There are 2 protein chains.
Amino acid sequence: MGLNQNKPSRGRPKTLDREHVLDVAMASYWKEDIGNLSLNEICRRCDISKPGLYREFLNEDGLMKAVILKYHQEVLSPVQQMLSHDAPFQATLDNLILFAVSADDSQGAPKGCLLIKMREAQMHLGEATRAQIDLIQEQAVATYKKWIECSQAKGEFTVDMTPEFAATYIDAQLGHASSQLARGEDPQMVKRILMAALSILK
Amino acid sequence: MGLNQNKPSRGRPKTLDREHVLDVAMASYWKEDIGNLSLNEICRRCDISKPGLYREFLNEDGLMKAVILKYHQEVLSPVQQMLSHDAPFQATLDNLILFAVSADDSQGAPKGCLLIKMREAQMHLGEATRAQIDLIQEQAVATYKKWIECSQAKGEFTVDMTPEFAATYIDAQLGHASSQLARGEDPQMVKRILMAALSILK
DNA sequence: CTAATTAAATACCAGTCGGTACAATAAGCG
DNA sequence: CGCTTATTGTACCGACTGGTATTTAATTAG
């Protein structure tokens with residue numbers, strides 16, 4: 001674990017491991033009540049001091065935005081890329097469903113999508129965090145839309161429905177499933193409901 | 001506003017208006033971030049002292065349970081009763097949709113269902129509160145199920161689907177719509193999505 | 001060596017939280 | 001009139017929060 005690459009070499013060497021902090025924070029936000037997870041607690045878990053965290057991330061808003069960015073890069077991007085491969089529409093949709101309800105049932109494992117959990121959190125989020133969530137959300141819907149337009153052109157998506165609405169509908173139902181999983185509902189039932197809801201696209 | 005009915009007539013007369021406190025608390029929980037609404041703030045809004053609130057409701061758990069109970073009686077019960085009238089299945093379903101997305105668009109008005117908002121809150125809820133939510137939830141699904149079984153017997157519900165699953169599905173989609181409204185999404189779009197999701201029941 | 005630079009952690013700030021001890025107050029009863 | 005009973009609000013508790021002022025430690029430049 002090599003902290004950072006380029007050392008401008010001056011002053012006391014940095015010991016704070018940014019990626020480690022982000023890993024710990026991401027896991028914590030993902031698994032626990034975001035609104036009740038304090039910066040103090042995160043510092044304790046990373047074994048860093050509070051001023052250290054503030055120097056690296058400016059404030060809570062900066063940390064959460066960085067966490068979201070990392071989550072998007074590491075978790076969401078691969079799924080979005082899947083939508084660009086030209087596999088059959090139904091196969092891709094099935095993969096999407098599988099990904100959405102794939103749950104590590106081990107105790108303490110995160111359930112559902114962190115981004116959606118944050119979007120649905122009732123708590124006040126910082127400006128940067130909120131903006132980042134909205135941006136990724138819009139990107140996701142746009143990606144769905146392109147995928148559907150593509151499938152429409154290939155004659156694999158034939159339902160009488162605008163790609164715009166279909167994209168919004170898929171995003172909504174996937175979000176719904178994630179929310180149910182996060183709440184602890186039975187993954188089998190979540191999958192049944194999700195498949196039923198998405199069956200209108202056939 | 002007549003505080004309470006029966007005075008056992010002894011000791012200092014009570015001035016705390018239980019129903020008023022519940023009204024204020026319900027509106028507050030409904031409109032704002034439940035996890036960030038403190039008892040201190042509720043006391044301020046009701047113009048009562050903190051020990052007064054604790055004497056009446058024991059603790060935060062007791063207050064929230066009482067709020068949920070009142071919400072169920074005043075808001076949810078009428079809807080559940082509608083399901084017992086033997087109107088045509090589709091008409092009742094339409095009414096359900098209308099009720100779910102009926103939103104007062106005035107600023108500061110509550111959006112969505114308070115019970116669902118509480119159910120989806122990530123924060124830790126007290127035992128009594130959690131139990132009360134689960135109870136009402138189960139009652140709701142059971143009511144949906146009976147309604148569907150009834151409609152099935154009348155030949156108005158003919159989809160190949162167990163009433164059990166249909167009830168769960170309806171509950172899930174109504175909850176989803178409520179959650180979207182609470183998040184501030186466009187009621188028209190929420191309605192479109194809800195109608196699309198429930199179209200599989202036709 | 002000293003000076004400059006950068007990051008470290010301790011110790012603190014005012015504010016808020018859920019919850020309570022306690023004394024004052026207001027009524028009926030004898 | 002006191003005595004009992006019940007409700008009131010003030011003033012407090014320790015714990016925690018997001019955030020910071022400040023000192024100390026570790027390094028390089030000259």
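Readers should treat all values here as calculations from the given coordinates under stated rules, not as data from a laboratory. Source: prediction; values computed, not measured. Note: ideal-geometry Cβ built from the backbone for every residue, glycine included; neighbour counts use all protein chains shown.
Between B:ARG12 and B:ALA153, residue separation times 0.36 nm minus the direct Cα-Cα distance comes to 44.9 nm.
The mean number of Cβ atoms from other chains found within 10 Å of a Cβ in peptide B:178-188 is 2, as a whole number. Largest GNM mean-square fluctuation among B:THR129, B:THR158, B:THR92, using chain B with Cα springs under 10 Å: B:THR158.
Judged by the mean number of other Cβ atoms found within 10 Å, the most tightly packed of the peptides B:39-46, B:193-200 leads the ranking B:193-200, B:39-46. The orientation-averaged projection of the convex hull spanning the C-alpha atoms of the protein assembly as shown amounts to 25.8 square nanometres.
Here the dipole of chain A is about 700 debye; that uses its Cα centre as origin and unit charges on the Cβ of Lys and Arg (positive) and Asp and Glu (negative). Per-residue 3J(HN,Hα) values for the stretch B:148-156, derived from phi via the Karplus relation 6.51 cos²θ - 1.76 cosθ + 1.60 with θ = phi - 60°, read 5, 4, 4, 5, 4, 5, 7, x, 9 Hz in sequence order (x marks Gly and Pro).
Distances between equivalent label points of B:LEU58 across the copies, with each point positioned 7 Å along Cα→Cβ, amount to 4.7 nm, shortest listed first. Compute the distance from the alpha-carbon center of the stretch B:130-170 to that of the stretch A:11-59, in whole Å. Centre-to-centre distance over Cα atoms comes out at 46 Å. As a calculated quantity, the FRET efficiency between B:GLU19 and B:GLN188 at R0 = 30 Å, using C-beta atoms, amounts to about 0.25. The fraction of Cα-Cα pairs per 5 angstrom bin, counted from 0 for the stretch B:87-202, comes to 2, 11, 20, 21, 19, 15, 9, 3, 1 percent, rounded to whole percents. Summed over all non-identical Cα pairs, the Kirkwood treatment of the stretch B:18-165 gives a radius of 17.1 Å.
Take the Cα coordinates of the stretch B:145-202, assign each an equal point scatterer, and use the Debye formula without solvent to give log10 I(q)/I(0) at q = 0.20, 0.22, 0.27 Å⁻¹. Rounded to two decimals, the profile gives -0.74, -0.83, -1.03. Computed from the C-beta positions of A:LEU58 and A:ASN95, the FRET efficiency with R₀ = 51 Å rounds to 0.85. Computed over chain B with a Gaussian network model linking Cα atoms closer than 10 Å, the most mobile of B:ASP134, B:ASP61, B:ASP105 is B:ASP105.
Per-residue mean of foreign Cβ neighbours for B:128-136 is 0 (Cβ atoms of other chains, 10 Å radius). For the stretch B:1-87, what class follows from the C-alpha gyration tensor (a ≥ b ≥ c being the square roots of its eigenvalues): rounded when a/c is under 1.5, otherwise prolate if a/b is larger than b/c, else oblate? In terms of gyration-tensor shape, oblate. When the label point is put 7 Å from the Cα of B:ASP33 along its Cα-to-beta-carbon vector, which residues of the stretch B:160-202 have a backbone N closer than 19 Å? Within reach of a label on B:ASP33: B:179-185.
Overall, the anisotropy analysis places the stretch B:69-109 in the oblate class: the square-rooted eigenvalues a ≥ b ≥ c of its C-alpha gyration tensor yield a/c not less than 1.5, with a/b not exceeding b/c. Inter-copy label distances for A:MET189: 2.9 nm (label point placed 7 Å from Cα along Cα→Cβ; shortest first).
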